[in-house]
Amino acid sequence: GIADAERVAITGQSHGSWLGPMVVGTHPEFAAASFAEGWGNTISLYGQMPGWLNVNVHEHHSGNPYENTQDYLEASPIFLVGDAGVPMMLEFGEDSGAEQGLELATALWRHAVPHELVIYPETGHNIEKPRMTLDSMDRNLDWIEFWVRGVRDTSSEKQTRYERWEMMRRDEMVTPAEVWK
């Protein structure tokens, strides 16, 4: 009752990009979301991380997924975000956790949730190249402005982006059911 859910967005990076989809999945009162370098599936994340990281970080908090499978499933946003229906931008570096981005994007696609997955080349967990940082900032601003306020930048080089997002808004995304027709 405090905020207008149609005008609120949420963003996060790294741990915030895991926590944010968890929040969206349990409290879908957001008009848009944007997350970078998080994860969607804690079980597959465990398999993608080096052993020392699993022992010192993941197992320290939750044990391992072979003994605590339910805990890992409950901490996996891919099982929550679909029903929320919040349009979501996902950004990853190709040298980082892009596999997790693909899993999260697949969960969103499966539920026909508007989303965009951006994988920045030659980039790890944090964007270090100024040109890519600027692109990310610009893209995020456009995404939030479009979904929250319905605002479109008038520059001609962005119109393809807006046309794609308009199709998502009109539910013209190709859904799993249509793939098999």
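The values are calculated or read from the model by the stated rules, or taken from the named source; none is laboratory data. Bear in mind that the values here come from a model prediction, so they are computed numbers and not experimental data. Heads up, the Cβs are rebuilt from the backbone with ideal geometry, glycines too, and the neighbour counts pull from every protein chain shown. Surface areas here come from the heavy atoms of the whole protein model, side chains and all, with no ligands, DNA or RNA. Shrake-Rupley method; radii C 1.70, N 1.55, O 1.52, S 1.80 Å.
Key figures for this structure:
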read-out: Cα centroid separation - region 99-118 against region 1-42, whole Å; value: 14
read-out: Highest-fluctuation residue, 32, 105, 84 considered, GNM on the chain with Cα pairs under 10 Å; value: 84
read-out: Distance from region 121-167 to region 76-96 (C-alpha centre basis), Å; value: 16
read-out: Stretch in the chain that is longest and holds no GluC sites (Glu not before Pro) that DSSP places in a loop and that have at most 14 other beta carbons within 10 Å; value: 129-171
read-out: Residues of region 95-110 with amide N under 16 Å of the 7 Å Cα→Cβ point at residue 43; value: 100, 103-104, 107
read-out: Residue 170 - accessible surface, heavy atoms, 1.4 Å probe, Å² rounded to 10; value: 130
read-out: Accessible area of residue 60 in the full protein assembly, 1.4 Å probe (Å², nearest 10); value: 130
read-out: Acute angle (nearest 10 degrees) that the helix 159-169 long axis makes with the longest principal axis of the chain, alpha-carbon atoms; value: 70
read-out: Solvent-accessible area per residue, Å², over region 53-146 with all protein chains present [probe radius 1.4 Å]; value: 52
read-out: Loop-located chymotrypsin sites (Phe, Trp or Tyr not before Pro) in region 83-181 whose Cβ has at most 15 other Cβ within 10 Å (DSSP); value: 180
read-out: C-alpha long axis of helix 98-110 to longest principal axis of the chain, angle in °; value: 60
read-out: With Cα atoms, 0 to 90° folded angle of helix 15-26 axis to the chain main axis; value: 70
read-out: Residues whose placed amide H lies under 5 Å from that of residue 89, excluding near-sequence neighbours; value: 33, 34, 35, 116
read-out: Region 53-125: C-alpha gyration tensor shape, a/c 1.5 cut-off, then a/b vs b/c; value: oblate
read-out: Solvent-accessible area, 1.4 Å probe, carbon plus sulfur percent, for region 29-102; value: 53
read-out: The chain: calculated mean residue ellipticity at 222 nm from DSSP helix runs of at least 4, using -39500 (n - 2.57); value: -11500 deg cm²/dmol
